[in-house]
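Report on one structure; see the data block that follows.
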There are 2 protein chains.
Amino acid sequence: MTTSPADLIITGCTALVHVEGRTDHERIAFRDDTAIVVRDGVITAVTGTAQVTGVPAAERIDARGQVALPGLINCHTHAPMAALRGVAEDLPTEEWFNDVVWPVESNLTARDVELGARLACAEMIRGGVTCFADHYFRMDTVAAVVAECGLRAHLGQVFFSSRGPRGREDSLEFALRHRGGAGGRITTALAPHAPYTVDDADLAHTARLAHEHGLPVHLHAAENRDQTEASLARHGVTPIEVLERTGLLGADAPDAPAAPDAPVEVLIAHGTGITERDLPVLERAAGRVAVATAPRGYLKFAWPTTTPVRALRAAGVPVGLATDGAASNNSLDVWASMALTALVQKSAEGDPRWLTSRQALHHATLQSARAVGLDGVVGSLAPGHRADIVLVDLTGPHTQPVHDLAATLVHSARSSDVRTTIVDGRVLMRDRELLTLDVASVARELGERLPALLDRGHGRRVQWYDT
Amino acid sequence: MTTSPADLIITGCTALVHVEGRTDHERIAFRDDTAIVVRDGVITAVTGTAQVTGVPAAERIDARGQVALPGLINCHTHAPMAALRGVAEDLPTEEWFNDVVWPVESNLTARDVELGARLACAEMIRGGVTCFADHYFRMDTVAAVVAECGLRAHLGQVFFSSRGPRGREDSLEFALRHRGGAGGRITTALAPHAPYTVDDADLAHTARLAHEHGLPVHLHAAENRDQTEASLARHGVTPIEVLERTGLLGADAPDAPAAPDAPVEVLIAHGTGITERDLPVLERAAGRVAVATAPRGYLKFAWPTTTPVRALRAAGVPVGLATDGAASNNSLDVWASMALTALVQKSAEGDPRWLTSRQALHHATLQSARAVGLDGVVGSLAPGHRADIVLVDLTGPHTQPVHDLAATLVHSARSSDVRTTIVDGRVLMRDRELLTLDVASVARELGERLPALLDRGHGRRVQWYDT
């Protein structure tokens with residue numbers, strides 16, 4: 001243990017750590033009376049509290065009675081849609097898109113996106129989220145909000161083929177311009193919307209650009225069973241097979257460019273329409289592909305299936321946790337997604353022993369970090385990782401007594417039990433007080449802008465939903 | 001408006017009120033800038049804030065920016081099981097009962113029950129619950145905790161036939177002894193455990209006692225599909241048909257006593273095993289029967305079905321919201337049950353338009369009050385109802401902006417947004433501070449008692465689970 005001054009030392013916490021193990025379940029462990037030492041935004045030591053006595057530090061947090069976790073990662077969202085929370089309720093998917101969301105989104109100004117993103121970031125910081133993967137329009141504005149509020153983010157500027165080549169070019173330029181932004185907290189991706197809104201030529205072009213520039217790709221695919229069936233009916237292939245044949249799943253695919261410098265990394269949102277025949281395709285791409293699951297919206301839209309997490313894990317595909325946008329999920333609460341993923345997966349598999357709380361914590365940490373391309377960077381409280389840490393208070397009556405800490409965290413604790421949120425060693429929320437964002441002023445201005453934002457009299461929409 | 005002193009006046013809130021309407025959805029409305037006047041524990045006026053200017057009151061709460069709701073009702077729980085939160089994780093139902101919960105419950109002392117109940121009441125008050133229906137052992141102790149903490153409760157002392165007639169007699173004596181207790185806040189029920197643990201003779205006897213003493217009955221029935229199938233295989237009838245033929249569903253049943261003074265009121269917990277053939281049976285008993293749904297545990301146990309809420313509503317059967325005990329649900333968060341009921345019902349029906357947020361709020365208020373036999377007494381912010389009120393803060397980033405207040409409440413707000421909980425006009429939590437319970441001391445003593453409570457070396461259990 002060096003005695004040079006640390007930037008931050010957290011003492012006395014119980015820390016979630018990752019250990020060797022055969023299964024995801026076995027890899028989650030807890031270490032009592034732990035100290036976490038942070039220097040230059042990096043975790044430099046995870047040790048006993050007694051070991052840091054006398055180590056000088058610019059800031060110390062006494063976290064006795066609290067649990068330290070790697071910050072949660074929202075692997076798929078549309079942060080600015082926080083402005084649209086509750087505008088399209090109790091509707092089937094196609095009406096949600098065509099009658100409300102896509103008409104309203106044709107009104108979006110940069111200022112709306114900025115306010116929506118600020119609100120979203122405030123919500124996520126308060127919910128223990130330290131990193132989010134965002135997929136939306138006007139992403140320069142979102143990047144600026146990320147720089148301002150201190151979160152980490154994986155950003156992609158979305159495009160549809162209906163808008164011509166300009167959309168794809170903008171997505172590339174955005175990704176190149178912001179890669180490494182906000183002091184390294186921003187990573188970027190190419191962001192085609194989905195196989196049902198981006199044609200095969202554009203997807204293949206995206207795969208080539210991804211190879212050429214070493215950029216990952218973040219897109220929706222096989223969101224639901226209807227999309228898979230429509231794709232089969234129209235093209236004879238599933239959306240996942242479209243990803244493969246357009247080269248997005250890596251160099252082994254039929255039409256992929258030869259000898260790429262780097263494998264494409266693809267983050268697939270939802271995948272509730274992934275079928276049996278897709279599994280070998282995904283298995284061939286294992287190591288280059290991940291899926292984000294956001295189960296709340298699937299229930300709300302009454303989709304007939306959920307993300308096939310068990311089959312994906314068997315195929316070697318990590319599954320990260322997500323919320324999707326607040327216009328479908330109604331919240332950006334990754335903690336709730338963690339609990340709901342455990343519950344829904346047990347139910348879908350008909351197996352109460354599946355997706356234990358420790359498995360859920362593995363999805364929330366290592367698998368989510370892998371999904372957004374940040375494995376080894378975040379997702380674990382281990383030396384060398386960026387200091388993205390949340391401190392959780394379990395003294396409330398709803399989290400007592402603690403017989404099984406993993407179960408308490410997943411099934412009893414809530415996002416509102418997060419007391420402190422830290423990104424890159426910087427405290428963004430202390431004792432539930434946000435330090436980088438002013439919610440009241442954002443909500444006030446957003447309220448004034450809502451009539452113009454919600455106007456659908458013009459008949460425009462950004463895209464037409466037709467699987 | 002009288003100007004005699006009020007005990008409590010809440011001003012400036014938006015109040016959830018019930019209005020005339022064809023459907024459950026249409027019956028929920030919101031009234032801005034509202035004042036609620038309380039005298040002697042009763043709501044005496046719900047009016048405009050301007051109308052109460054100058055009205056003297058012992059206590060005033062300025063609730064501008066907050067929403068006033070009828071307090072939530074937990075229609076089926078086992079409060080003392082809060083002590084067992086997390087002891088039996090990721091297990092099938094039969095192992096959960098036989099290997100863990102029923103062996104551990106054979107260790108329960110009155111002090112364990114007292115501490116568990118205190119913890120549960122603290123959690124419920126913090127979660128906006130003002131009334132709970134409890135079904136457990138050593139209920140004298142629970143009644144004492146209810147008297148102490150200020151909640152309202154509907155209590156029943158559970159019994160199994162395996163314990164002989166003494167259990168049934170105790171259940172009756174408890175119900176008679178505590179009816180009207182805690183200043184009228186306690187109502188009571190006879191509480192046979194379930195048709196698979198209480199034989200037909202005991203159920204018929206219970207029906208006669210219920211008629212004789214004007215007591216309702218609270219029991220588990222058709223908890224899951226396996227129980228229904230086992231009942232059909234062994235007895236040729238479903239659990240719901242067992243309730244009918246033993247006279248529990250009312251006077252028209254074959255073996256029921258003639259001309260009872262009052263119809264039996266039956267509260268059925270769970271009912272996920274209710275089948276098509278049960279619906280006419282329940283429809284015949286409409287007005288005398290209700291079901292409590294606690295969907296979290298059904299997912300966690302991976303039961304294949306959930307409570308058939310749509311079919312029950314069509315049959316005229318109210319469905320109240322519940323959590324079950326914290327050893328299966330891991331929380332007593334009725335707010336979460338409300339949201340999950342909406343989500344799971346949409347999914348189960350394959351219909352995103354079903355179980356709207358307003359429908360969910362109807363279940364949470366009028367239907368839950370009906371389920372626990374307190375319709376007209378609680379469940380509505382209307383003059384003449386007891387003053388069981390919660391105030392909810394929607395200024396957090398996760399509940400902004402508000403496009404659709406019902407959706408914000410059900411799908412974005414959480415139990416932790418409840419600021420103030422009031423029962424019978426008495427403030428039990430103010431600005432999230434509990435005024436009648438000391439969580440830290442309860443958790444400390446419970447922690448000391450856990451090794452003895454959890455010991456399973458003796459090989460005893462309170463009952464054997466075999467559907």
Checklist line | Of the criteria (1) of a type outside the set (Gly, Ala, Ser); (2) out of contact with any Leu (no Cβ under 8 Å at 6 or more places or on another chain); (3) within 16 Å of B:ASP388 (Cβ to Cβ); (4) surrounded by fewer than 19 Cβ atoms within 10 Å (Cβ to Cβ), which one B:LEU8 fails | finding: (4)
Next item on the list: Would you mind telling me which numbered condition in (1) surrounded by 24 or more Cβ atoms within 10 Å (Cβ to Cβ); (2) in contact with a Ser or Thr (Cβ under 9 Å, 6 or more places away or on another chain); (3) more than 14 Å from every other protein chain (Cβ to nearest Cβ) A:ALA117 fails?
Entry: (3)
Next item on the list: Check segment A:352-363 and report whether any residue there is without any contact (Cβ under 8 Å) to a residue 12 or more places away in the chain and facing chain B (nearest Cβ under 10 Å).
Entry: yes
Next item on the list: Residue by residue through segment B:120-147, note down the ones that are in a strand (DSSP E or B) and in contact with a Leu (Cβ under 6 Å, 6 or more places away or on another chain).
Entry: B:VAL129, B:ASP134
Margin query: Against the condition in a loop (DSSP other than H, G, I, E, B) and within 13 Å of another protein chain (Cβ to nearest Cβ), how does A:LEU437 come out, does it pass?
Written below: yes
Checklist line | Filter result for the condition that a residue is touching a residue at least 40 places away in the same chain (Cβ under 8 Å), within 30 Å of A:ASP324 (Cα to Cα), facing chain A (nearest Cβ under 8 Å) and more than 19 Å from the chain's Cα centre (by Cα), over B:HIS403, B:HIS411 | finding: B:HIS411
Checklist line | Residue satisfying all of: in segment A:19-45; in a strand (DSSP E or B) and not aliphatic (A, V, I, L, M); nearest to A:ARG64 (Cα to Cα) among these | finding: A:ASP33
Item checked: segment B:55-86: number of residues that are of a type in the set (A, V, I, L, M, F, W, C) and either at pLDDT below 95 or more than 18 Å from B:ARG138 (Cβ to Cβ) (or both) -> 11
Notebook entry, point to check: Tally time: how many residues in segment B:148-192 are within 18 Å of B:ARG426 (Cβ to Cβ), touching a Cys at 6+ places or on another chain (Cβ under 8 Å) and part of a strand (DSSP E or B)?
Noted result: 2
Item checked: Candidates B:ALA210, B:ALA222 - the one that is within 19 Å of B:LEU312 (Cα to Cα), within 23 Å of the chain's Cα centre (by Cα) and surrounded by 24 or more Cβ atoms within 10 Å (Cβ to Cβ) -> B:ALA222
Note to self: Just to be sure before I move on: is A:THR356 closer than 30 Å to B:ARG444 by Cα and surrounded by fewer than 24 Cβ atoms within 10 Å (Cβ to Cβ) in the structure I sent?
What the structure shows: yes
Check: Would you call B:LEU366 away from chain A (no Cβ under 11 Å) and either out of contact with any strand residue (DSSP E or B) (no Cβ under 6 Å at 6 or more places or on another chain) or assigned to a loop (DSSP other than H, G, I, E, B) (or both)?
Finding: yes
Next item on the list: Would you mention how many residues in segment A:273-322 are farther than 16 Å from A:ALA222 by Cβ and within 14 Å of another protein chain (Cβ to nearest Cβ)?
Entry: 5
Note to self: Residues that are touching a residue at least 40 places away in the same chain (Cβ under 8 Å), within 28 Å of B:CYS121 (Cβ to Cβ) and surrounded by fewer than 24 Cβ atoms within 10 Å (Cβ to Cβ): does segment B:279-299 have at least one?
What the structure shows: yes
Margin query: I want to confirm something. Restricting to segment A:369-400 and keeping residues that are in contact (Cβ under 8 Å) with a residue 12 or more places away in the chain and polar (S, T, N, Q), which single residue is farthest from the other protein chains (Cβ to nearest Cβ)?
Written below: A:SER380
Next item on the list: Could you give me the residue pairs with C-beta distances under 6 Å whose first residue belongs to segment A:209-225 and is in the same structural domain as A:GLU276 (by TED's automatic domain parsing), whose second residue is of a type in the set (Gly, Ala, Ser) and in a helix (DSSP H, G or I) wherever it lies, and which are 6+ apart or on separate chains?
Entry: A:LEU215/A:ALA175; A:VAL217/A:ALA210
Notebook entry, point to check: Is at least one residue of segment A:151-158 charged (D, E, K, R) and surrounded by fewer than 24 Cβ atoms within 10 Å (Cβ to Cβ)?
Noted result: no
Checklist line | Which listed residue, of B:LEU321, B:LEU332, B:LEU343, is touching a Leu at 6+ places or on another chain (Cβ under 6 Å) and either crowded, with 22+ Cβ neighbours inside 10 Å or closer than 19 Å to A:SER416 by Cα (or both) | finding: B:LEU343
Notebook entry, point to check: Among all residue pairs at least 6 apart or on different chains, which show Cβ distances below 7 Å where the first residue, located in segment A:161-179, is in contact (Cβ under 8 Å) with a residue 12 or more places away in the chain and the second is part of a loop (DSSP other than H, G, I, E, B) and of a type in the set (D, E, K, R)?
Noted result: A:SER161/A:ASP199
Note to self: Take the conditions assigned by TED's automatic domain parsing to the domain that holds A:VAL418, surrounded by fewer than 21 Cβ atoms within 10 Å (Cβ to Cβ) and within 30 Å of A:ALA269 (Cβ to Cβ) and apply them to A:THR49. Does it pass?
What the structure shows: no
Checklist line | Check on B:LEU267, part of a loop (DSSP other than H, G, I, E, B) and surrounded by 24 or more Cβ atoms within 10 Å (Cβ to Cβ) | finding: no
Item checked: Residues of segment A:440-459 classified as surrounded by 12 or more Cβ atoms within 10 Å (Cβ to Cβ) and part of a loop (DSSP other than H, G, I, E, B), total -> 2
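Condition check ((1) part of a loop (DSSP other than H, G, I, E, B); (2) touching a helix residue (DSSP H, G or I) at 6+ places or on another chain (Cβ under 6 Å); (3) of a type in the set (S, T, N, Q); (4) at pLDDT 95 or above) across all residues:
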site: B:PRO195; (1), (2), (3), (4): yes, yes, no, yes
site: B:LEU215; (1), (2), (3), (4): yes, yes, no, yes
site: B:ALA230; (1), (2), (3), (4): no, no, no, yes
site: B:PRO263; (1), (2), (3), (4): yes, no, no, no
site: B:GLY297; (1), (2), (3), (4): no, yes, no, yes
site: B:THR305; (1), (2), (3), (4): yes, yes, yes, yes
Note to self: Given the options A:GLU95, A:GLU89, A:GLU59, name the one that is without any contact (Cβ under 8 Å) to a residue 12 or more places away in the chain and outside any helix (DSSP H, G or I).
What the structure shows: A:GLU89
Check: Could you say which residue among B:ASP134, B:ASP99, B:ASP112 is over 18 Å from the mean Cα position of the chain (by Cα), under 25 Å from A:THR408 (Cα atoms) and either among the β-branched types (Val, Ile, Thr) or surrounded by 23 or more Cβ atoms within 10 Å (Cβ to Cβ) (or both)?
Finding: B:ASP112
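The values are calculated or read from the model by the stated rules, or taken from the named source; none is laboratory data. Quick caveat: nothing in here was measured; it's all calculated off a predicted structure. Reconstructed Cβ throughout: ideal geometry from the backbone, glycine too, with neighbour counts over all protein chains shown.
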